[in-house]
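Each remark here refers to the structure printed beneath this line.
The values are calculated or read from the model by the stated rules, or taken from the named source; none is laboratory data. Quick caveat: nothing in here was measured; it's all calculated off a predicted structure. Every residue, glycine as well, gets a Cβ built from its backbone with ideal geometry; the counts of neighbours run over all protein chains shown.
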Amino acid sequence: MNAIWLFFLLAGIGVAAAGGDVQKVTDGALKGAEMAVEVALGLIGVMALWLGMMRIAQEAGLVDLLGRLVRPLTTRLFPSIPPDHPALGHIIMNLSANVLGLGSAATPFGMKAMQGMQDLNQHRSVASEAMCTFLALNTSCITLVPATIVSVRVAAGSVNPTEIVGPTILATMTGMTVAVTADWLIRTYFRRRGRKVC
């Protein structure tokens, strides 16, 4: 990935130098850095709000309630994880944050979930089925409130920053359905042949 970005950077500088306008590269770099700071500062408020809401929900027991509601689903999706294992709680928290569009808040829960699943993994050099299923869910999770993207659009001066909510729900719902179905089909196929999926 670093090589690709380096290629783009050098190609841009080369094209600008060939056109005799290297100043545009400098101006673009400075403007991009300025915009990055503005967007990052704009995200602080939104992230603080939603992380605070998640904390309040956790303290009020709403997260535990959500966990109990979706536990039958998670135990079916992750049959190799014991129902009372902490990894299931971290998976639920990760998916909850992703549903709210808080990818940054979901990351720590995802890492803890992977650590918990690795503790249960009998073949530590190979990802377990539960890890593969979680990865599929994590990368394609339905997003009902794309808070981060809405805040980026607000920071960029969008006239209607929330117009992406409907298409986001549709796209992520489709992606998650395909990911879960593909994961189940692949696991079933390999199990019938007595081989590990991952």
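Structure notes:
- Among the conditions (1) at positive phi; (2) surrounded by 13 or more Cβ atoms within 10 Å (Cβ to Cβ); (3) more than 15 Å from the chain's Cα centre (by Cα), the only one that GLY157 does not satisfy is (2).
- Segment 73-105: number of residues that are at pLDDT 80 or above and under 9 Å from the mean Cα position of the chain (by Cα): 3
- Beta carbons closer than 7 Å, at least 6 apart along the sequence or on distinct chains, pair a first residue in segment 161-189 that is touching a residue at least 40 places away in the same chain (Cβ under 8 Å) and under 16 Å from MET131 (Cα atoms) with a second that is β-branched (Val, Ile, Thr) and surrounded by 15 or more Cβ atoms within 10 Å (Cβ to Cβ) for ASP183/THR133; ARG187/VAL197.
- Helices (runs of 4 or more DSSP H) wholly inside segment 108-198 that include at least 3 residues being under 30 Å from ALA33 (Cβ atoms) and not small (Gly, Ala, Ser): 147-155
- The listed residues are ASN94, ASN121, and the only one of them that is surrounded by 12 or more Cβ atoms within 10 Å (Cβ to Cβ), touching a residue at least 40 places away in the same chain (Cβ under 8 Å) and of a type outside the set (Asp, Glu) turns out to be ASN94.
- Given (1) modelled with pLDDT under 85; (2) of a type outside the set (Asp, Glu); (3) more than 20 Å from PRO83 (Cβ to Cβ), index of the condition CYS141 fails: (1)
- Residues of segment 2-34 satisfying the condition of being farther than 27 Å from ALA155 by Cβ and surrounded by 10 or more Cβ atoms within 10 Å (Cβ to Cβ): LEU6, PHE7, LEU10, ALA11, ILE13, GLY14, VAL15, ALA16, ALA17, ASP21, VAL22
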